[in-house]
Amino acid sequence: MTIIRLTAADFATHLPALADLLVDAVAGGASVGFLDGFDRAAATAWWRSRAPAVADGSLAVWIAAGPAGVTGTISLAYADKPNARHRAEVIKLAVRRDARGNGLGRRLLAVAEEAAAASGIALLLLDTETASAAERLYESAGWHRYGIVPDYAADPAGALRDCSFFFKKLG
């Protein structure tokens, strides 16, 4: 499995695979911002809307690819405010359901953390559904929960779920 950061051209080429991955995540119950019925066309449109941010460098996107195609992704959204340029947000960490349980999520997270540190980022933030497998991953990777907001976001079925907010200082 190879993890690569996508250039703007690579991003356009991998849109179908990124869309399939996001649809798989939602179908598998991941609370990543979308509801049941989320289809490939909607996922493609969502990813396509991120292309300008990838092109201008305000969004970094990595994929994990191997013989089975694209099986994971993670993104870093860099802050645009002058007083926040030391921080970034981890978004859309997703691993295809048939590739879970082999440490790929942890590898993707480590790649994003290392790239953030190398680019001068000192603080990372993220949020995830409370009591989820993702929350356990972040806790085991040294992230610190700083709060839980009740009923913060709906899961794919539409049920409101609590959300945990995490930070990690780098360097």
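Taken together, the values in this text are just the output of simple stated rules run on the coordinates, not laboratory data. On a predicted model such as this, the values are computed, not experimentally measured, just so you know. Every residue, glycine among them, receives a Cβ derived from its backbone with ideal geometry; neighbour counts consider all protein chains shown.
Within segment 139-166, residues that are among the β-branched types (V, I, T) have Cβ atoms under 8 Å from residues that are not in a strand (DSSP E or B) in these pairs: I148/T130, counting only partners at least 6 apart in sequence or on another chain.
Suppose we filter A25, A19, A30, A43 for residues that are touching a residue at least 12 places away in the same chain (Cβ under 8 Å), part of a loop (DSSP other than H, G, I, E, B) and crowded, with 19+ Cβ neighbours inside 10 Å; which single one remains?
Numbers: A25 fails: part of a loop (DSSP other than H, G, I, E, B); A19 fails: part of a loop (DSSP other than H, G, I, E, B); A43 fails: part of a loop (DSSP other than H, G, I, E, B).
Just a single option satisfies the conditions, and that option is A30.
Show the residue pairs that are 6+ apart or on different chains and have beta-carbon atoms under 8 Å apart, the first residue being within segment 109-122 and closer than 22 Å to E135 by Cβ, the second being assigned to a helix (DSSP H, G or I). Final answer for the pair search is L109/L137; L109/Y138.
Suppose we keep only residues that are touching a Gly at 6+ places or on another chain (Cβ under 8 Å) and not in a loop (DSSP other than H, G, I, E, B) within segment 94-106. Which one would you say is surrounded by the fewest Cβ atoms within 10 Å (Cβ to Cβ)?
Residues of segment 94-106 touching a Gly at 6+ places or on another chain (Cβ under 8 Å): 94-97, 99, 104-105.
If we keep only those that are not in a loop (DSSP other than H, G, I, E, B) as well, we get 94-95, 97, 99, 104-105.
Details: A94: 25, V95: 28, R97: 15, A99: 19, L104: 20, G105: 22.
My answer is R97.
What are the residues in segment 62-93 that are surrounded by 15 or more Cβ atoms within 10 Å (Cβ to Cβ), of a type in the set (S, T, N, Q) and over 19 Å from E114 (Cβ atoms), if any? Scanning segment 62-93 gives a single hit, T71.
Under the condition of being closer than 23 Å to A115 by Cβ, of a type in the set (V, I, T) and out of contact with any Phe, Trp or Tyr (no Cβ under 8 Å at 6 or more places or on another chain), the residues counted in segment 11-61 number 2. Scanning segment 132-164 for residues that are surrounded by 13 or more Cβ atoms within 10 Å (Cβ to Cβ) and part of a loop (DSSP other than H, G, I, E, B) turns up S132, A141, W143, D155, P156.
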